[in-house]
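Enquirer: Sharing a structure with you now.
The values are calculated or read from the model by the stated rules, or taken from the named source; none is laboratory data. Note that the coordinates shown come from a computational prediction; the quantities given were computed from them, not determined experimentally. Glycine gets a Cβ as well: all are built from the backbone with ideal geometry, and neighbour counts include every protein chain shown.
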Amino acid sequence: MERNAAIIQEYFNDRAAGWDAHSPFNPQKMTTVLSLCDIHPGSEILDVGCGTGSLEPLLLEYHPKRILGVDFASNMISVARQKLSRPDVTFMCGDIFELKGYLFDQCFVMNTFPHILRPVEFIEHLASLLRPGGRLTISHSQGKKTMDATHADVKHLNLPLLPGQGLLNIMKAYFRMDILIDNNLFFVVSGTRL
């Protein structure tokens, strides 16, 4: 594991127990984001950087076939498993680059993207985990300016969020891009697998 990745992993492991009390996760904003994503009942959904599993209850409202939440911080996964135990939801601790052999209909990367150290390879790998027509949504419940300011105050996490147009330009090699919201309230970039 790269040194920077190990530092980020340690940061989240150390804060897992109290994460939900201080997280920027906003259920109302995430509900709005999900409403844009054309999630069908019976979908297979991947939640990358799932943290403590805050998104899963909102995803379950769409009656998916299954949800796989992946995070590399084991303490975050432990909290997620304590919060939600159901046969159609699995939480896995691991490196997303090691996940292979699965195909999903939807992939969500919520409040996680600034911590991705190899964004082009990351998007290419997520594309390989989606069926043709499957949707990748990268989102934050804060705007870029607020997110960047938050990370600037946290040692070792001062990774700026790519501008929406920059992220769209990376994704369009693999996705038909149809959602770009990059303002003070939301950051959402989404498209369907070519």
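Enquirer: Quick one: how many residues across the stretch 96-116 are exposed (fewer than 15 other Cβ atoms within 10 Å of the Cβ) and either free of Cβ contacts under 8 Å to residues at least 40 places away in the same chain or part of a strand (DSSP E or B) (or both)?
Expert: Qualifying residue count, the stretch 96-116: 4.
Enquirer: What number goes with the only condition from (1) surrounded by 14 or more Cβ atoms within 10 Å (Cβ to Cβ); (2) touching a Leu at 6+ places or on another chain (Cβ under 7 Å) that Leu60 does not pass?
Expert: (2)
Enquirer: Now for a separate question. Out of Arg81, Arg15, which single residue is touching a strand residue (DSSP E or B) at 6+ places or on another chain (Cβ under 9 Å) and in a helix (DSSP H, G or I)? Steps first, please.
Expert: Values: Arg15 fails: touching a strand residue (DSSP E or B) at 6+ places or on another chain (Cβ under 9 Å).
Testing whether each residue is touching a strand residue (DSSP E or B) at 6+ places or on another chain (Cβ under 9 Å) and in a helix (DSSP H, G or I) leaves just Arg81.
Enquirer: Hey, another quick one. Between Ile116, Ile123, which is more than 21 Å from Pro41 (Cα to Cα), at pLDDT 95 or above and among the β-branched types (Val, Ile, Thr)? Full working, then the answer.
Expert: Values: Ile116 fails: at pLDDT 95 or above.
Answer to the selection: Ile123.
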